Amino acid sequence: MARILEHDALRLISDKGVAVTQWRVAASANEIAEAVASFGGRAVVKALIPSGGRGKAGLIRLVSNDAEIRAAADILGNRDLVFPVEQVLVSEALDIAQELFVSFCFDSKSRGAVLLYSAAGGVEIESIPEDQICRHPIDLRQGLDPADAAEIAGDPAIAEALVKLYELFAELEAETVEVNPLAVTTDGRVVAPTGVILTDDQAAFRHPELSEIADPLATNGYRPLTDIERAVAEINELPDHSEIRFNELDEGEIGFVFLGGGAGYYVFDRVLYFGGKPANTMDGTSSPHDEESMYRATSALLKKPGLKGLVAGSNYGNFRAIDARARGVVRALIDAKIDPATFPVVI
Ligand code: GDP
Ligand code: MN
């Protein structure tokens, strides 16, 4: 899954024919001031990061005078939502009369797409009672019926935006297309001031147009990948390599190199039980390239500052040559010139 940043999401939404706010991307106080001036001196400045909740975190400011414009530059460099803010989106300020919540995503219950819609959208969407959110299952073979959209929206302009946003969701084979809020302006226009598009890794090969803007290795959905996590994620991108799930843990001391979740997490739990500090979690499926995968994953993990030892293993039950995996780990230890006298390794 990759999250397309807001400026690219707005462009895709706009290309589909849904009205969006005018925007510019800025990376310094001067660029912010210039962009605000280009929108007539009144604008919204938002952190351009792959995260929601910016409004509540104070990373969205409506600015209309010099002091506010200068203060909005403080958003740059902020890390309150974990992702460091390197750029902001400056957009024309809309006069919003109503905020609608629109989300197309997948629903495991109905095993298809679903439209979530509420006339009470905005930053409080999480606390809206269930019964104020319409859940409309969509058969992917039929698409969103314009008559259903009209009934749900109760307004032709909103219904038209819903149909177009669904088309975007279907064409991109996205996991999610969400616009919250879809704004109805005081002069009656339906405009998207924001947009979230999550791509589906499984469909990435059919969407070369997204590869430039959707980096599946940038985040795990909640925070940026660490350098070590990224190095391991890159193994997964190699043809026919195993799918390794790997998380680095802060201040961990004992590294784990495991394929096969059961055995790995059993040892992980025992280490925790005896007061050890695991440096990472790791499990994964087998591939014909386990030796190379284990070599690369171990090499990446050994770079972790503060690492004091390593546990490596494999379960015996999944019909793969565990000697090949062990060779990968050992080769990485030798290459990194690990001294077993000071750095215990259990294989
Ligand atoms: P999020 O908090 O990360 O979801 O960021 P959004 O882009 O959805 O913005 C959060 C809130 O800021 C919206 O729900 C609006 O209430 C407000 N907002 C964003 N853009 C505008 C705008 O152009 N005009 C006005 N009046 N409010 C806006
Ligand atoms: Mn929002």
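Residue count for the range 139-182 under the criterion of being within 17 Å of Phe101 (Cα to Cα), out of contact with any Lys or Arg (no Cβ under 8 Å at 6 or more places or on another chain) and hydrophobic (A, V, I, L, M, F, W, C): the result is 14.
Restricting attention to the range 236-256, the residues that are in a loop (DSSP other than H, G, I, E, B) and within 14 Å of Leu302 (Cβ to Cβ) add up to 2. Counting only residues that are surrounded by 21 or more Cβ atoms within 10 Å (Cβ to Cβ) and within 16 Å of ligand 1 (Cβ to nearest atom), the range 154-179 holds 5 of them.
Results for (1) at negative phi; (2) among the β-branched types (Val, Ile, Thr); (3) modelled with pLDDT under 95; (4) in contact with a strand residue (DSSP E or B) (Cβ under 9 Å, 6 or more places away or on another chain), shown as yes or no for each residue.
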site	(1), (2), (3), (4)
Lys56	yes, no, yes, no
Ser64	yes, no, no, yes
Glu68	yes, no, no, yes
Val85	yes, yes, no, yes
Phe101	yes, no, no, yes
Cys105	yes, no, no, yes
Ile125	yes, yes, yes, yes
Ile128	yes, yes, yes, yes
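Taken over the range 164-188, the criterion of being within 14 Å of Ala19 (Cβ to Cβ) and of a type in the set (Val, Ile, Thr) is satisfied by Val179, Val184, Thr185. Yes or no: the range 302-324 includes at least one residue that is among the polar types (S, T, N, Q), surrounded by 15 or more Cβ atoms within 10 Å (Cβ to Cβ) and part of a loop (DSSP other than H, G, I, E, B). Scanning the range 302-324 turns up at least one residue that is among the polar types (S, T, N, Q), surrounded by 15 or more Cβ atoms within 10 Å (Cβ to Cβ) and part of a loop (DSSP other than H, G, I, E, B). Once the range 184-218 is narrowed to residues that are hydroxyl-bearing (Ser, Thr, Tyr) and surrounded by 19 or more Cβ atoms within 10 Å (Cβ to Cβ), the residue that is nearest to Ala297 (Cα to Cα) is Thr199.
For the range 95-116, state whether one or more residues are without any contact (Cβ under 8 Å) to a residue 60 or more places away in the chain, in a strand (DSSP E or B) and within 16 Å of ligand 2 (Cβ to nearest atom). Yes, some residue in the range 95-116 is without any contact (Cβ under 8 Å) to a residue 60 or more places away in the chain, in a strand (DSSP E or B) and within 16 Å of ligand 2 (Cβ to nearest atom). Of the strands (runs of 3 or more DSSP E) contained entirely in the range 119-216, those carrying at least 2 residues that are within 16 Å of ligand 2 (Cβ to nearest atom) fall at 176-185, 196-199.
Which residue pairs have Cβ atoms closer than 8 Å, lie 6 or more positions apart in sequence or on different chains, and pair a first residue in the range 63-84 that is surrounded by 14 or more Cβ atoms within 10 Å (Cβ to Cβ) with a second residue that is polar (S, T, N, Q)? Here the result reads Ala73/Ser28; Leu76/Ser28; Leu76/Gln87; Leu81/Ser51; Phe83/Ser51; Phe83/Thr219, each pair linking the range 63-84 to a residue that is polar (S, T, N, Q).
Going by what's in this entry, would Ala233 be described as more than 16 Å from ligand 1 (Cβ to nearest atom) and part of a loop (DSSP other than H, G, I, E, B)? It is false that Ala233 is more than 16 Å from ligand 1 (Cβ to nearest atom) and part of a loop (DSSP other than H, G, I, E, B).
Can you name the residue in the range 288-344 that is farther than 24 Å from Thr226 by Cα and among the hydroxyl-bearing types (Ser, Thr, Tyr) and, of all such residues, is modelled with the highest pLDDT? Only one residue fits best here, namely Thr342. The set of residues from the range 269-280 being at pLDDT 95 or above and either under 28 Å from the mean Cα position of the chain (by Cα) or among the β-branched types (Val, Ile, Thr) (or both) comprises Lys277, Pro278, Ala279, Asn280.
For Gly112, the conditions (1) more than 23 Å from the chain's Cα centre (by Cα); (2) more than 16 Å from ligand 1 (Cβ to nearest atom); (3) modelled with pLDDT under 95 are fulfilled apart from (1). Put simply, of Arg11, Arg24, Arg54, Arg42 the only residue that is within 15 Å of ligand 2 (Cβ to nearest atom) and of a type in the set (D, E, K, R) is Arg54. Of all residues in the range 1-27, those being over 25 Å from Asp95 (Cβ atoms) and among the β-branched types (Val, Ile, Thr) number 1. Whenever a residue of the range 49-61 is closer than 18 Å to Val25 by Cα, its partners that are more than 6 Å from ligand 1 (Cβ to nearest atom) and aromatic (Phe, Trp, Tyr), lying with C-beta atoms within less than 6 angstrom and at least six residues away or across chains, give the pairs Ile49/Phe83; Ser51/Phe83. Please tell me if Ser64 is within 16 Å of ligand 2 (Cβ to nearest atom) and either more than 20 Å from Gly195 (Cα to Cα) or of a type in the set (Ser, Thr, Tyr) (or both). Here the answer is no, as Ser64 does not meet what is asked.
The values are calculated or read from the model by the stated rules, or taken from the named source; none is laboratory data. Here the structure is a predicted model, which means the values were calculated and not measured. In this analysis, Cβ positions are derived from the backbone assuming ideal geometry, glycine residues included, and neighbour counts consider all displayed protein chains.
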